[in-house]
Amino acid sequence: MTEYGVRGKWIGLSIILASLFLPTHFEVASIRFTPSLVVLIFAAPFAAGLFFAQRQRIRLPDVLIMAFVCWQGLTIAMNNPGRFVEFTGQQTLMTLGGYLIGRTMIRDARDLAALIRIGGAIVVFSLPFALYEALTDDPIVLLWIDQYTGFDTFIPNDYEPRLGLHRAQWVFTHPIHYGLLGAFFLPLVVLGLRGADRPVFRMSCGLLIFSACVLSVSSGAILAAFLQAGVYIWYRLAKLFGPPWRIVLATGAVLYVVLEAITTKSAFFAISGRLAINPQTAHYRTLIWDYGSAQVVRTPIFGNGYNYWPRPHWMVSSVDNYWLQQAMVHGVPAVACVAGALVYAVVAVNRGQDNDAMRLAWTLFLIGFAMSAATVAIWGEIQTLFMILFGAGLWMLPRKAIAPNVRTPRPFSRNIAPRLTRFPAGQTGSTA
């Protein structure tokens, strides 16, 4: 790629990333638009064209993400046909568009390192605003936009303080999404930039990024950060004894089975309930799981859409569990598509031999997402950001070695050259 091409790529990617952090929205023909959706309308077709222009090999995650978007559209057409056009358009742009942007515009370690630096800088930049919000309960950016511009913005959340802090949402619709922003970039900055930036700089940035998780005062984001750190330590210890990921998976599975055996409820809810900042929230999530999973059993294939599902009258319809919410709305096949793409990517990427630090950082990012997604719904700008980061790591998938096109020499034979004879072909002469 030429110098102008590289510069144009990063200008475009910077515009895409910046649009994810503009907390405004407007309506056109009763359809809600955000700056990121407007940018994706132009960027997603470009990324799709670039994917085919690069003649990339189609991998299983490509197929599964496409199948996920198509299945979402099918289930909404069946369950909520009035929402089909708006929903399918938005989900295609945010999910498939974000994925293709990361897949096509991040092609090597240098590209991914540059993307990580931009994301880490955004998180650090947000800290003064988030700290002010956590101390005063004033989402200063949202208030400025509401008071001094003509644009609509997100509704400020009004939650009870936790640990003496108000929950900072910065420019997102929910504080947990701000916490997830920090959890996404924490391993990517601390480990992914190893060898590119000095350890002191990476660790300092890591502490600042972890502060974003804390200022959101969200159990899911903070637990994701601790899980990433725990798995990293576990990985380093396991590496002393053999194949690290096999040991981590085997010991983790044994530990989970033991916890399932000694607890009266699911091991995940037993752990998250004891570590939750607000025990009432943990109990409510257990109820969501009980009633939500019952709905999945009733409509396992095509889901229930956004229709009513049986629950106590005092429970709201929102589901604070991305995996459960996808199964309830779109059916188990939707969850299988996303989970299959993530599992395949993690397994295949870690079969590679190069970029060990980058592979480990990206794997921890996905592990943190998988866990935190069980405690919150994922939508909007944070969904797009995740898909960009997910697609951005797939260049690390190992490529099959292509055998050189060298002709194998034929064995020497005296019969190769034509023989000169006075007899016709197929006849044998006689000497009398």
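Please treat every number below as a calculation from the coordinates, not as lab data. Quick caveat, the model's predicted, so the values are computed rather than measured. Note that we place each Cβ from the backbone using ideal geometry, even for glycine, and neighbour counts take in every protein chain shown.
If you take the square roots of the eigenvalues of the alpha-carbon gyration tensor of the stretch 14-396 and sort them as a ≥ b ≥ c, do you get rounded (a/c under 1.5), prolate (a/b over b/c) or oblate? Mind showing how you got there, number by number?
On the way: a/c = 1.12, a/b = 1.07, b/c = 1.04.
The shape class here is rounded.
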Q. Which angle from 0 to 90°, rounded to the nearest 10, does the C-alpha axis of helix 60-79 make with the longest principal axis of the chain?
A. 50 degrees
Q: Please give the helix 199-216 orientation as an angle from the longest Cα principal axis of the chain, in degrees from 0 to 90, rounded to the nearest 10.
A: 50 degrees
Q) So what's the convex hull volume per residue for the Cα atoms of the stretch 55-147, in Å³? A) 171 Å³
**Q.** ³J(HN,Hα) computed for each position of the stretch 315-326 - Karplus, 6.51 cos²θ - 1.76 cosθ + 1.60, integer Hz, glycine/proline x
**A.** 8, 7, 7, 5, 10, 7, 6, 4, 5, 5, 4, 5
Q | Cα lying deepest toward the dipole's positive end in the stretch 14-396, options 18, 258, 85, charges on Cβ | A | 258
Q: State to the nearest 20 debye the size of the charge dipole of the stretch 63-150 about its Cα centre, where the only charges are +1 on K and R beta carbons and -1 on D and E beta carbons.
A: 500 debye
Q: Show me 75-87, 331-343, 252-264 ranked by packing, highest mean number of other Cβ atoms within 10 Å first.
A: 331-343, 75-87, 252-264
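Go through 351-358, 139-146, 375-382, 93-100 and give me the packing order, highest mean Cβ count within 10 Å leading. Spell out each step's value before the answer.
Numbers: 351-358: 14.4, 139-146: 18.5, 375-382: 21.0, 93-100: 25.1.
In decreasing order of mean packing, 351-358, 139-146, 375-382, 93-100 become 93-100, 375-382, 139-146, 351-358.
So, R0 is 35 Å and r is the distance between the beta-carbons of residue 307 and residue 114; what FRET efficiency does that work out to, to 0.05? Don't skip to the answer; put the middle values down first.
Numbers: r = 44 Å, r/R0 = 1.26.
Plugging the Cβ-Cβ distance into 1/(1 + (r/R0)^6) gives 0.20.
Tell me the mean residue ellipticity at 222 nm calculated for the chain from its helices only (DSSP H runs of n ≥ 4, each -39500 (n - 2.57), averaged over every residue, nearest 500). Working shown, then result.
Numbers: 17 runs with 268 residues, N = 432.
The per-residue figure over the chain is -20500 deg cm²/dmol.
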Q | Amide H contacts of residue 33 (H built 1.01 Å from N, under 5 Å, at least 5 apart or other chain) | A | 26, 27, 28
